[in-house]
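First the structure, in the form of structure tokens, and then the observations on it.
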Amino acid sequence: HSHRAALDEFYKFANEHNTFGQSGIKEPHLSFQSRSLGGSFHFIHFETRHMPSAIDLISENGLAQNIKNMGCTGGGAHKYSEMWRSRVNINMIKQAEMASLVAGIEFVLKSLVGECFTFKPQRSPLSSSSSSPRKITEEEWSRKVQRDSIRDRTTYPYIVVSIGTGVSFIRVDGPGPSQFERVTGSTIGGGTYWGLCRLLTDCETFEDVLQLAEMGDSGKVDMLVKDIYGTNPEALRKLKLPGNIVASSFGKLASKNNPSDGIDQKDLARAILMMTTNNIAHIAYLTARLYKTSRIYFIGNFLRHNNVSCQRLSYSIDYWSNGTVEGLFLEHEG
């Protein structure tokens with residue numbers, strides 16, 4: 001009875017609001033009904049620095065009255081466990097983070113139609129006037145294309161790149177709770193991006209800085225190959241690199257008398273986003289190559305409402321692999 005009452009109270013509360021407290025936001029387009037589990041999924045996110053306010057909100061709305069235990073995972077499950085117990089008398093039932101992550105990915109890929117997608121160029125690399133290949137620029141990688149979900153054993157292995165505060169790279173070898181391994185990681189992730197942006201811009205939220213980055217020009221900040229070698233086609237051909245590839249993130253500022261001259265906050269936000277995304281993409285490609293897989297699933301809060309990074313990841317993985325590996329994404333990212 002208490003379990004049913006707790007669910008009813010939560011569903012009523014979730015359906016009546018789209019914002020919660022200081023930073024809680026519901027993603028109504030992600031909600032779905034699960035027949036196999038007999039319930040509905042709702043997605044509400046907030047910054048963990050507002051955890052005390054989130055607990056107060058739950059307490060003030062009576063949601064804690066019928067909840068004794070709550071499943072949770074991640075670092076916050078340990079960090080805030082005592083806070084939940086002392087303030088609302090809810091015990092955190094901690095679940096292994098990597099196992100929960102892989103189980104969730106497998107669940108949505110097998111259960112939800114249209115869950116998986118990638119980005120491709122708007123136009124074919126073959127020009128309309130000839131059969132010769134035409135170079136596709138990064139800016140053209142904006143066409144969203146649906147991809148198949150998990151069907152059978154041929155899907156495995158695949159790589160999961162979980163982009164949160166840091167980045168984890170996980171190899172999944174098959175279905176089941178133990179057929180995966182975290183093979184490497186990176187300290188340069190969403191926390192790096194947001195921390196640098198808080199230092200260098202006036203943005204107050206992660207969503208604000210992503211909107212700012214969409215308007216920026218990283219070319220004002222990053223040093224490109226053509227900035228070093230010029231635009232002579234013969235020189236670039238010998239180098240085997242296009243001129244618009246980044247040679248050094250933020251490198252253009254090193255040669256300026258006044259590094260901030262002509263640079264706006266939107267350009268810095270874009271350049272930091274590109275630096276973070278490029279680093280993740282490169283490690284992801286090398287990991288996929290090491291484990292001989294053609295599928296890389298990028299997930300995590302960093303990618304929520306972040307088409308700039310998703311398109312860049314798709315382009316980068318295709319570029320480095322010569323089209324043999326795909327960067328894939330989930331509608332229920334994060």
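The values are calculated or read from the model by the stated rules, or taken from the named source; none is laboratory data. Here the structure is a predicted model, which means the values were calculated and not measured. All Cβ positions, even for glycine, are placed from backbone atoms using ideal geometry, and neighbour counts span all protein chains on display. Please note that ligands, DNA and RNA were not included when accessible areas were found on the heavy atoms of the full protein model with its side chains. Shrake-Rupley method; radii C 1.70, N 1.55, O 1.52, S 1.80 Å.
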**Fill in**
In the stretch 153-299 the accessible area split gives carbon plus sulfur, as whole percent at 1.4 Å, a share of 52
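Determine the percent antiparallel among the DSSP beta bridges restricted to the chain, to the nearest 5. Could you put the intermediate results ahead of the total?
Numbers: 29 of 41 bridges.
Counting only bridges with both partners in the chain, antiparallel ones make up about 70 percent.
How much net charge surrounds ARG49 when only other residues with a Cβ under 13 Å from its Cβ are counted (Lys, Arg +1; Asp, Glu -1)? Could you put the intermediate results ahead of the total?
Working: positive: LYS79, ARG198; negative: GLU47, GLU204.
Net charge in that neighbourhood comes out at 0.
Multiply the residue separation of SER321 and THR19 by 0.36 nm, subtract the distance between their alpha-carbon atoms, and state the gained length in nm to one decimal. List each step's numbers first, then the result.
Values: separation 302, 0.36 × 302 = 108.72 nm, distance 4.19 nm.
Length difference between fully extended and current span is 104.5 nm.
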**Message:** Let me cross-check LYS266: its accessible surface, 1.4 Å probe, with only protein heavy atoms counted, in Å² to the nearest 10?
**Reply:** 70
**Asked** Given H placed on each backbone N at 1.01 Å, which residues far from THR184 in sequence or on other chains put an amide H within less than 5 Å of it?
**Response** PHE169
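Could you do me a favour and compute the accessible area per residue for the stretch 161-276, 1.4 Å probe, result in Å²? Walk me through the intermediate numbers first.
Working: 6090 Å² over 116 residues.
For the stretch 161-276, the per-residue accessible area is 53 Å².
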**Asked** Using a Gaussian network model of the chain with C-alpha springs under 10 Å, which one of ARG87, ARG147, ARG171 is most mobile by mean-square fluctuation?
**Response** ARG87
**Part-to-part distance (alpha-carbon centres) for the stretch 51-85 and the stretch 272-325, which is given in Å** = 34
**Message:** Among ARG49, ARG123, ARG182, which one shows the highest mean-square fluctuation when the chain is modelled as a Gaussian network with alpha-carbon springs under 10 Å?
**Reply:** ARG49
**Complete:** Rounded to a whole %, the carbon-and-sulfur portion of the accessible area of the stretch 1-133 at a 1.4 Å probe is 54
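Exceeding 26 Å between C-alpha atoms, which entries from my cross-link table qualify? They are LYS110/LYS144; LYS220/LYS240; LYS94/LYS144; LYS26/LYS110.
Details: LYS110/LYS144 20 Å; LYS220/LYS240 23 Å; LYS94/LYS144 36 Å; LYS26/LYS110 24 Å.
Check vs 26 Å cut-off fails for LYS94/LYS144.
Report the full-extension gain for the segment TYR291 to PHE43: residue separation times 0.36 nm, less the Cα-Cα distance, to one decimal in nm. Can you show the working numbers first?
Numbers: separation 248, 0.36 × 248 = 89.28 nm, distance 3.31 nm.
Extra length from TYR291 to PHE43 when fully extended: 86.0 nm.
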**Prompt:** Going by alpha carbons, how many degrees (0 to 90, nearest 10) lie between the helix axis of 51-60 and the longest principal axis of the chain?
**Reply:** 40
**Prompt:** What number comes out for the charge environment of GLU16, summing +1 per Lys or Arg and -1 per Asp or Glu over other residues with Cβ under 13 Å away?
**Reply:** 0
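Could you report the stretch 1-112's accessible area per residue, 1.4 Å probe, as an integer in Å²? Walk me through the intermediate numbers first.
Working: 6760 Å² over 112 residues.
Per residue, the stretch 1-112 has 60 Å² of solvent-accessible surface.
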**Asked** Could you give the nm distance between label points at ASP264 and ARG35, where each point is 7 Å from its Cα heading toward the beta carbon?
**Response** 5.1
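Heavy atoms only, probe 1.4 angstrom, no DNA, RNA or ligands counted: give me TYR229, TYR315 ranked by accessible area, highest first.
From most exposed to least exposed: TYR229, TYR315.
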**Message:** What does the charge count around SER81 come to, taking other residues whose C-beta lies under 12 Å from its C-beta (Lys +1, Arg +1, Asp -1, Glu -1)?
**Reply:** +3
**Prompt:** So what does MET215 come to for accessible area, using a 1.4 Å probe and Å² rounded to 10?
**Reply:** 130
**Message:** Connecting C-alpha atoms closer than 10 Å in a GNM of the chain, tell me which of GLY75, GLY185, GLY114 has the biggest fluctuation.
**Reply:** GLY75
